[in-house]
Every structure is written in structure tokens, then in C-alpha cells.
Amino acid sequence: MLDVSQTAFRLRTKLLCRFPNGKAPGPGANSPAGRRAAPAIIPRHLCRFEYFPRPAGLRRQQFEAACLLRAEHKAPFLDAGSLVIRGRDGVGIWWWDAAAWASLGYNPQNPAAADIPESLCASLPDGWHHIRLENGYEARLVRQNTVIASTWRRSAFGEVEWQDVVALADADRDTAVPLPPVSDIERSQLAARVRGGTVLRRPMGAAEKGLLAGLLLASVLGGWWQGEATALAEAAARNEAEAVRLERFVAGYELFSQMRSDLEELNAAQRALGQTTPATDLATILAQIANANLSLSSMQLDREQLRLAVQTGGDIERLRSVAAQIEGLPSFVHVAAQDGDSDGEIILSAEVGP
């Protein structure tokens, strides 16, 4: 089986740009006006995390190259930033929603500033930690001063949620981990630098990327990539709960758009015949959500209940208008609302009428 040779990897290392995002600073970057902006601390609720232990028999250089490529090409956001951290036994990949980060008012003079996720800015002892942040709560597992598991939610973890997180992150553990008391970490106590692990350099520019792609293609033809991909897939399965939410968020828009178009056609035909069904009323609801400039994250309809996850962008009045219109449809009754899993997300539920 072919491998990426040491010589090829050394060539890759020389070609890798030392600047974040693989881009060198433009003219005047060393002048006072073009100096690199100070690193900023990214709130945990904007971030997603995956950790991959290095498989036995796979060279460290090959494993890290694969993780760098994954960080660049498998981001869970359409506009994503990323940071890859090497620990003693594996690699952690941090992504963040760059569009949401910019919407919070962060607009550095130099976009190449090395921003750092909040979870990397505090040094904690090994073990599980239940941490209260300014924007929610985090379950964090630290080993050898390196974060190897991190899950965020808006409210504090209960015993059931805590054991689910532990089981996903530490599948080999035989004993349960008691829910620890909540500890506070204020952002004012954090320093904008990585505590624990080594930052791996970002992927290269376009020309160098083509060269590395050729080297990796040779490895794929020899079978290496298949084995490496299998190892990463097995590791990613331990993060299934968070991966499901990301997949729903990223891939859902196009599906809902097509579904809305098909249901609108069905709705028009049914109403022309003087008939309404939950399916045709659902088409009306989807059109109302689109007309209100709201974003639909997920949808579930069965014989008993309709559930819609709507991104409000903070505009509750438009959502109330949609809820009132749902109440007026013959197919649905008892409309209710509750907070969703992410910021700005509201779950609308309604019972299917008789």
C-alpha cells in the first residue's frame, strides 16, 4: 500500500504558508496601519468541535495532513473559520460561524487576525468540567492539558444530558462520570492565546494545494485514503449528536425550498377543488414563513403533530404573525412555541386537527 513519503511531506511543509488562512499579508502589512490585529476570543456558542485520536499504524504527518484538509473542506458552516490543535494522542478541529462572528460587530482591520475559540483560552486540570459561560454552558473534557471533548448548550446540563455527552465522547469508559458542579469562567479572565496543544498551520494556497492534492491522489489510488477515512468516520461517530444538528442546519435550506415549491403546487390544485389537507395547509405555512423572511431549520409532520424549527433573527413579531396564521388553518390546532437548540431558534408546534 502506497504512503505519502517523508520527502513529499517535507516538500508540503516547505510550501505551506505560515500565515493564517494560507494568505500572506498585503502591501503595507508591516506598517503601523497594516499591523496584524490582536487575536480575539470567539464565543463558544458560535463554535463546533471534533476530536480525532490518531489511529495506530498511521504516521503522524499523514494524520495531520488529513485533519488539515478536513478542517478546510468539511466545515459545518457556509462561511467558516477554523483552528486545528495537535495534542499528544490526536488532533482537535475547531470551526466557527464567521458570518455570525462578523455580525456581532467584530471587524478587524486585518482579517488575518488569529482568532481563538473561547474554550482554548483557559487552562483547566484533566477531567470533565461543567462550565457556565456568558452565552450558555459547556461540558468540556481535558486530558494532558488538551481539550478532547466539548459540547455546548443554552441551559445547564442535567444528569441525563450529561451522561449522554460523556458516553459519546468517552465510549471506552466503563463507569459513569458524576455530574460535576457548575464552575464559572468569565471572559475577562481569559487570555487570547491557546492553552494546551500545538496549533497546526493552515492549508496552503491554490498552487501548493494542487501539488498536495496530486500527492494525496497517489495515496488514494494505493488505498491509504480509504483506511484513513474509515478511521476518521469511526471517530466522528462518537460525535453523532452534534453532527446531526450541523447536518440539519447546513443541508436543510435547499431541501425545504424544493419541498415548499412542490407543496405550493399541490396546495393550489387542492384549493381549486375546494379541498384542504394537512399537506396543503403545510404548503401555506411554508409560504407564510418565506414571505415573513424567516429561515426554516427543520420540519416534522406526522399524524398527530407538526413541528417547525424557525430561525427568527430576533424578530419575534413576525413569528407571532406566522403562528396566528397557523391557528387560522383548518388542519392545525393548539399552536405553541418554545426555545430551540441554537440562538434565535424557536420551535413552533401544533396538533393535527380532526
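Where a number appears in this text, it was derived from the coordinates with a stated rule and is not lab data. Bear in mind that the values here come from a model prediction, so they are computed numbers and not experimental data. Note that each Cβ is placed from the backbone with ideal geometry, even for glycine, and that neighbours are counted across all protein chains shown.
A few notes on this one:
- Footprinting exposure proxy for R303, R195, R88 (fewest neighbouring C-beta atoms within 10 Å first): R303, R88, R195
- Modelled FRET efficiency - R0 30 Å, T175 with T198, Cβ distances, 0.05 increments: 0.45
- What the phi angles of the stretch 115-120 give under the Karplus curve with 6.51, -1.76 and 1.60, with θ = phi - 60°, is a coupling list of 5, 10, x, 4, 5, 8 Hz, glycine and proline written as x.
- Each residue, D126 and R303, gets one label point 7 Å from its Cα in the Cβ direction; the gap between the two is 5.4 nm.
- Pairs of Cα atoms farther than 26 Å apart, the stretch 54-181, %: 31
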